[in-house]
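Bear in mind these aren't lab numbers, they're just calculated from the coordinates by the rules spelled out. Just so it is clear, the model here is predicted, and its values are computed rather than measured. Quick reminder, even Gly has a Cβ in these numbers, built from the backbone with ideal geometry, and neighbours come from all protein chains shown.
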Amino acid sequence: MDLPEPLHDFLLVFLGSGLILGILVCISLFYILSNSHFVAASQLLIYVGAINVLIIFAELSTYWFP
């Protein structure tokens, strides 16, 4: 499959962040099942939100600032 490099990199970043998001959501579901609702909500807000935004910003900033 011959994709242009920026599109290929975008797909890899999108799939990678989706994988990280899925893993962290599954861990949060484990916390909910063990009745630790505050820990589950904290993990969703901190890790899933902030870390994924940071990863996407770091990967895509190479196109604006080479």
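Only residues in region 26-37 that are within 16 Å of Val48 (Cβ to Cβ) count as the first member; pair them with residues that are among the basic types (Lys, Arg) and in a loop (DSSP other than H, G, I, E, B), Cβ under 8 angstrom, at least 6 apart or cross-chain, and list the lot. The qualifying pairs do not exist here. A count restricted to region 31-50 and to residues that are among the aromatic types (Phe, Trp, Tyr) and within 18 Å of the chain's Cα centre (by Cα) stands at 1. Residues in region 40-66 that are farther than 30 Å from Asp9 by Cβ and surrounded by fewer than 15 Cβ atoms within 10 Å (Cβ to Cβ): 2 in all.
When the residues of region 12-25 are narrowed to those that are small (Gly, Ala, Ser) and in contact (Cβ under 8 Å) with a residue 24 or more places away in the chain, which ends up surrounded by the most Cβ atoms within 10 Å (Cβ to Cβ)? Only one residue tops the list, namely Ser17.
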